[in-house]
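Take a look at the structure set out below.
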Amino acid sequence: MSASTFPADVPDLRGRSFLKELDHTPAEWAALLDLAARLKAEHHSGQPRQRLRGKAVALLFEKTSTRTRAAFELAAAGQGAASTYLDPTGSHLGHKESVEDTGRVLGRLYDGIEYRGAAQATVELLADVAGVPVWNGLTDEWHPTQSLCDALTMREVCGKPLAETSFAFLGDGRSNVAASLLAMAALVGADARVVAPPALQPPAAVLDAASAVAATTGARLTVTDDVAAGVAGVDAVHTDVWVSLGEPESAWAERVPLLVPYRVDAGVLAATGNPDVRFLHCLPAFHDLGTSLARAVHERYELAEMEVSDEVFRGPASRVLDQAENRRWTIEAVLVATLAGLDA
């Protein structure tokens, strides 16, 4: 079906890249969510359909990952596409071969390219030169595959339309996850609050861009350092690690004193006043001493838990496993939409 004959009520995302939320319209975002829900339902009903047979995708990882890699590989395989994983030592990107040259080569070999790394400028350049769709698996600035997953998860577990849903993010408001949650909320018309200390609140450029979209969708975007006010009445509470992959060890000394008051614990959930509040986390989570990094931080700062208490992480409000599974279905939707079409 050509773009000129594509149904008016179904956006045509074929050939488009997926770089950040605000590159898309609310209608396109809603269509991606609906497609993800359809693909998930097909799989769980035992009636999956492969729409990408004969396609091949490159998975270019400068930053390692568990969920993003697994989700992209499973999404490609589930739709009948081949995938090639290129880890930080498996390509010459930026070292012996420029980003531009890498993008041009991979664009001749593959039907689409996923990139997970540091600079948003890198994924944007890949999209400019590759000639095929490029998908952002995470950069320091944005994490759109995560926020699409979070939107689907809240739609499932909060029991109401996203435009009637409220959620709070507690932690480092300058992070890619916080930025993407604000942008996602703007697109779906949700009530989103970023709850962070003044030194760690979202950059003005992020908030201004999301607010411009929110003005057209009715979304409510709030930034505050008041935990009780920020979580009052919300349907979901999100958080993320305090120091991201690739940041220097010195960041812990800055973040720990600032963010301990923003840990999500039972008191925070109680402060929502919502007995059905849900807890979400993009993972990995430092809720106990089960990792070497958590033990190192504990030895230095005497913290057995960081951004979330073990009680909340393992408790009845937690929907982190539903959220992790939904990485597959939302990524699958992005692949299908950009390589075959939303109505494929």
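Just to verify a result, which residue in the stretch 213-243, among those that are hydroxyl-bearing (Ser, Thr, Tyr) and over 13 Å from GLY173 (Cβ atoms), is surrounded by the most Cβ atoms within 10 Å (Cβ to Cβ)?
Within the stretch 213-243, the match that is surrounded by the most Cβ atoms within 10 Å (Cβ to Cβ) is THR217.
Can you tell me which residue is nearest to ALA81 (Cα to Cα) among those in the stretch 6-33 that are part of a helix (DSSP H, G or I) and touching a residue at least 24 places away in the same chain (Cβ under 8 Å)?
LEU32
Please enumerate the residues belonging to the stretch 110-123 that are within 22 Å of ALA71 (Cβ to Cβ) and outside any loop (DSSP other than H, G, I, E, B).
GLY112, ILE113, GLU114, TYR115, ARG116, GLN120, THR122, VAL123
Return the only residue of LEU280, LEU245, LEU269, LEU259 being in a loop (DSSP other than H, G, I, E, B), in contact (Cβ under 8 Å) with a residue 40 or more places away in the chain and either farther than 28 Å from LEU35 by Cβ or in contact with a helix residue (DSSP H, G or I) (Cβ under 8 Å, 6 or more places away or on another chain) (or both).
LEU245
Could you count how many residues in the stretch 189-212 are surrounded by 24 or more Cβ atoms within 10 Å (Cβ to Cβ) and over 20 Å from GLN120 (Cα atoms)?
Of the residues in that region, 6 qualify.
What is the residue count in the stretch 39-62 for residues that are in contact (Cβ under 8 Å) with a residue 12 or more places away in the chain and surrounded by fewer than 18 Cβ atoms within 10 Å (Cβ to Cβ)?
Result for the stretch 39-62: 6.
Could you tell me which residue of the stretch 163-174 is farthest from the chain's Cα centre (by Cα), considering only residues that are outside any strand (DSSP E or B), surrounded by fewer than 24 Cβ atoms within 10 Å (Cβ to Cβ) and not β-branched (Val, Ile, Thr)?
The extreme case among them is GLU164.
Across the stretch 63-100, which residue is surrounded by the fewest Cβ atoms within 10 Å (Cβ to Cβ) among those that are closer than 19 Å to SER17 by Cα and charged (D, E, K, R)?
GLU100
SER309 versus (1) out of contact with any Asp or Glu (no Cβ under 6 Å at 6 or more places or on another chain); (2) closer than 22 Å to CYS158 by Cα: which is the lone unmet condition?
(1)
Suppose the filter is farther than 25 Å from HIS24 by Cβ and either in the same structural domain as SER65 (by TED's automatic domain parsing) or out of contact with any helix residue (DSSP H, G or I) (no Cβ under 7 Å at 6 or more places or on another chain) (or both); does ASP226 pass it?
Yes, satisfied.
Quick one: count up the residues across the stretch 119-139 that are more than 20 Å from ILE331 (Cβ to Cβ) and out of contact with any helix residue (DSSP H, G or I) (no Cβ under 6 Å at 6 or more places or on another chain).
3
Of the conditions (1) at pLDDT below 95; (2) farther than 18 Å from PHE286 by Cα, PRO248 fails just one. Which one is it?
That leaves (2) as the condition not met.
The values are calculated or read from the model by the stated rules, or taken from the named source; none is laboratory data. In this text the structure is predicted, and so the values were computed from the model without any measurement. Ideal geometry is used to build each Cβ from the backbone, glycine not excepted, and the neighbour counts take in all protein chains shown.
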